[in-house]
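Nothing in this text is a laboratory measurement; each read-out follows from the coordinates by a stated rule. As the structure is a prediction and not an experimental result, all values here were calculated from the model. All Cβ positions, glycine included, derive from the backbone under ideal geometry; neighbour counts span all protein chains shown.
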Amino acid sequence: MSPLKITARDAETGPVLEVFGELDYAYAGELRERIAATPLAPGQCLVLDLGGMDFCDSSGITALIAARNHALAAQADIALVAVPANTVRVLRIVGLDQIFNLRPDGEGGSVRDASA
């Protein structure tokens, strides 16, 4: 079992939260709390970088939906970056790939580190 670790940084388009470890029942609440405490301005994009995520259960999926709701309430956007293949598969099965902007990685200009 890998405990959840969340790091935050700012990018040109808004906050980036990097998720490492297991996003499951034991740790999903931690991500929800971190997201709720992340300020978003209208027009920004909240990026969740899931490249370091080892596992995601239904509680983790619920936390991702809570992140989307947080972004929508702030009139902001959300993107999931570097989503592990098994999680992409689950998102597709339940149709959430239709509501999330899924990006393969942080490249491409819109998810750059502001300090670069």
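Odds and ends about this structure:
- For the range 12-18, backbone phi angles converted through the Karplus equation (6.51, -1.76, 1.60; θ = phi - 60°) give residue-by-residue couplings of 4, 8, x, x, 10, 10, 9 Hz, Gly and Pro being listed as x.
- Taken about its Cα centre, the chain carries a charge dipole of roughly 220 debye when the Cβ of each Lys and Arg holds +1 and the Cβ of each Asp and Glu holds -1.
- Mean separation of Cα pairs under 8 Å and 6 or more residues apart, divided by the residue count, gives the chain a relative contact order of 28 percent.
- The angle separating the long axis of helix 58-73 from the principal Cα axis of greatest extent in the chain is about 20 degrees.
- Amide proton proximity set for ARG103, modelled H, under 5 Å, gap of 5+: LEU80, VAL81, ALA82, VAL83
- Neighbourhood net charge (12 Å Cβ-Cβ; Lys/Arg +1, Asp/Glu -1) for GLY60: -4
- Along the axis of the charge dipole computed for the chain (Cβ charges of +1 for Lys and Arg, -1 for Asp and Glu, origin at the Cα centre), the listed residues LEU40, ILE6, VAL19 are led at the positive end by LEU40.
- The amide H of GLY52, built 1.01 Å from its N in the peptide plane, has VAL19 as neighbours under 5 Å, considering only residues 5 or more places off or on other chains.
- Within a Gaussian network of the chain (alpha carbon springs, distance under 10 Å), most fluctuating of ASP24, ASP54, ASP105: ASP105
- Across the chain, the volume of the C-alpha convex hull divided among the residues equals 92 Å³ per residue.
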